[in-house]
Amino acid sequence: MTMIQPPDSFIVARLGQLARTELSLRARLGHVLLALIASAMTILVVSLWLTEPALPRRTATAFAILTVIGLGWVAYSVWVLGARRVMLARQRVVAGRLSVAFTGACAAGSIVLNFTAGARFGWPAVAMSFTLLAVALVLWRRAEAAHARLLARRDTLERELTGRS
């Protein structure tokens with residue numbers, strides 16, 4: 001069996017530089033846009049919530065949930081943009097989990113509202129929220145698979161660079 005020679009230091013340095021800049025400009029801009037939109041939505045919801053003292057309990061609860069969702073997306077985008085290490089698609093897994101949690105909350109809320117408020121026409125909202133939940137679950141699973149593939153590839157490359165088989 002032929003022993004693989006380790007690459008020269010320039011190649012190792014260049015690979016390290018490429019790995020540190022994992023997010024493309026497009027992905028970074030997308031996360032900046034996400035942070036801005038989520039911030040604006042959260043500020044709008046909180047402003048409405050605080051300036052209307054006589055809101056029904058259901059509306060106040062919905063505003064609280066929307067605020068948590070908005071803050072969750074802001075925190076996620078700030079985390080991704082501030083990360084100074086290679087994430088190996090970890091950000092996609094976290095985004096998938098957030099999506100599943102938030103669409104699951106929407107689906108549960110739609111069902112509860114349908115039964116408690118006697119909303120006869122709320123079933124399309126339930127159907128839509130379960131459709132979104134299914135999409136979120138598929139995207140989360142794909143993100144986890146991509147993350148696992150990248151981790152396996154990293155491990156293989158590390159073994160090859162250190163001369164272990």
If the Cβ limit is 7 Å and pairs must be 6+ apart or interchain, which residue in the range 128-149 that is in a helix (DSSP H, G or I) pairs with which residue that is among the polar types (S, T, N, Q)? S129/T103; S129/S110; L132/T103; L133/T103; A136/S99; A136/T103; L139/S99; W140/S99
Say we look at the range 59-85 and pick out the residues that are closer than 14 Å to A27 by Cα and not hydroxyl-bearing (S, T, Y); which of these is surrounded by the fewest Cβ atoms within 10 Å (Cβ to Cβ)? G82
Give the number of residues within the range 3-58 that are touching a Leu at 6+ places or on another chain (Cβ under 9 Å), farther than 21 Å from Q91 by Cβ and either surrounded by fewer than 10 Cβ atoms within 10 Å (Cβ to Cβ) or at pLDDT below 90 (or both). 5
Out of the residues in the range 38-72 that are assigned to a helix (DSSP H, G or I) and charged (D, E, K, R), which is nearest to G104 (Cα to Cα)? R58
Taking R120, is it under 18 Å from the mean Cα position of the chain (by Cα) and not in a helix (DSSP H, G or I)? no
Does R92 fit the bill of being in a helix (DSSP H, G or I), exposed (fewer than 14 other Cβ atoms within 10 Å of the Cβ) and not aliphatic (A, V, I, L, M)? no
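The values are calculated or read from the model by the stated rules, or taken from the named source; none is laboratory data. Predicted, not measured: the structure shown is a model, and the values here were computed from it. Cβ: placed from backbone, ideal geometry, glycine included. Neighbour counts: every protein chain shown.
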